[in-house]
Amino acid sequence: MDIGIGLPNTVPGTEGSVLVEWARRAEETGFSTLGTIGRLVYPGYEELVALSAAAAVTSRIRLTTSVLLGPLYTNPALLAKQAASLDRLSGGRFVLGVGLGGRDDDFAASGLSTEGRGRRLEEQLTEMKRVWSGEERGFAGAIGPEPVREGGPELLLGGSTPAGFRRVARLADGWIMGGGTPEMFAEASAGVDAAWKEAGRTGTPRKLSLAYFALGPDARAHADGYLLDYYGFLGDAAAQIAASAAVSAE
């Protein structure tokens, strides 16, 4: 099992210098991955920009959006170019994790409807794969740069529904769970594996999950202060998410 660490791109008040130093130290400490989470209507850094800064000061650690809200990026050709650029600049370390998003305000601020977002995401991913394959689009040829990995950066999808699992099997290299217990992860993983097999895919999908933590003498207060605010739109469920955060080194 590989263990990564989150880049605090959504923690309010985090200075750019802190993000850069965090990335350096994460690599020096031996973490496998720097992960980001995505949200539009919140005082945080956009994921691709934050990971580009991290890429400039690291050389080994993976850079993973976990997850970027795909339907908000309405120009798939441009997103494909952005992803390929980060992949090339980082020497092939970029992993594109994509999800549907579930906050109405993010969609309203983008002038978008939440209806049909699953279909739109599938169309978006299909178009991006065509771009990454080098398909010619104009006088100058393909949309570059060419990704380091043939076919494009490693692609992970979020979601915990049967439809989401089937989308992983059709379009992605793996799946990421947005949080929950080990038992929930095991149950959902079985669903991903079943969809993968049903789709006739060989091998096994890569699987990831995230969990929240805070450390230090005021760890509980820091975890509650951030998570109750970030997930406040969920009402009472925000307290459950905050309570799940690990708050000790053990």
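Here the dipole of region 119-250 is about 460 debye; that uses its Cα centre as origin and unit charges on the Cβ of Lys and Arg (positive) and Asp and Glu (negative). Most tightly packed first, judged by the mean number of other beta-carbon atoms within 10 Å of their residues, the peptides 161-169, 181-189 read 161-169, 181-189.
Between K129 and L228, residue separation times 0.36 nm minus the direct Cα-Cα distance comes to 31.9 nm. Under a Gaussian network description of the chain, with springs only between Cα atoms under 10 Å, the residue in L234, L125, L100 that fluctuates furthest is L234.
Taking amide H atoms as placed 1.01 Å from N in the peptide plane, the amide H of K207 lies under 5 Å from those of W175, each 5 or more residues away in sequence or on another chain. Of the residues G13, G174, G151, the one that moves most in a GNM of the chain with alpha-carbon contacts below 10 Å is G13.
Between the amide H of A142 and those of R137, distances stay under 5 Å, these residues lying 5 or more places away or on another chain, with hydrogens modeled in the peptide plane. The portion of the accessible surface of the chain made up by carbon and sulfur, rounded to a whole percent, is 55 (1.4 Å probe; DNA, RNA and ligands excluded). Maximal additional length on extending the A219-E46 stretch stands at 59.7 nm, based on 0.36 nm per residue less the C-alpha distance.
Charges were assigned to the Cβ only: +1 to each Lys and Arg, -1 to each Asp and Glu. The resulting dipole of the chain about its Cα centre is roughly 680 debye. Calculation over all alpha carbon pairs of region 61-187 in 10 angstrom steps from 0 returns a P(r) of 13, 42, 33, 11, 1, 0 percent. GNM remark for the chain: springs join alpha carbons under 10 Å apart, and the peak mean-square fluctuation among A108, A172, A54 falls on A108.
Distance from the alpha carbon centroid of region 1-67 to that of region 214-250 works out to 19 angstrom.
Restricting region 41-143 to GluC sites (Glu not before Pro) that sit in a DSSP loop and have at most 12 other Cβ atoms within 10 Å of their own Cβ leaves E115, E135. Look at the alpha carbon pairs under 8 Å that are at least 6 residues apart: their mean separation over the length of the chain gives a relative contact order of 13 percent. Estimated from the Cβ-Cβ distance and a Förster radius of 41 angstrom, the FRET efficiency linking V148 and A237 is about 0.55.
Given their separation in residues at 0.36 nm each and the Cα-Cα distance between them, A108 and S244 gain 46.0 nm when the chain is fully extended. So for the chain: antiparallel DSSP bridges make up what percent, rounded to the nearest 5? Expressed as a percentage, antiparallel bridges in the chain total about 10. In plain terms, the C-alpha convex hull of the chain casts an average shadow of 14.2 nm² when viewed from every direction. Just to be sure I understand the model, the point goes 7 Å from the Cα along the line to the Cβ. What's the resulting E187 to S85 distance in nm? Once both label points are built, they end up 4.2 nm from each other. Only one residue of S113, T126, M184 has its Cα farthest out toward the positive end of the dipole of region 101-230, where Lys and Arg carry +1 and Asp and Glu -1 on Cβ, and that residue is T126.
The values are calculated or read from the model by the stated rules, or taken from the named source; none is laboratory data. This one's a predicted model, so the numbers in the text were calculated from it and none came from an experiment. Glycine also receives a Cβ, built like all others from the backbone with ideal geometry; neighbour counts cover every protein chain displayed. Side chains are part of the model used for accessible areas, which takes the heavy atoms of the whole protein and leaves out ligands, DNA and RNA. Shrake-Rupley method; radii C 1.70, N 1.55, O 1.52, S 1.80 Å.
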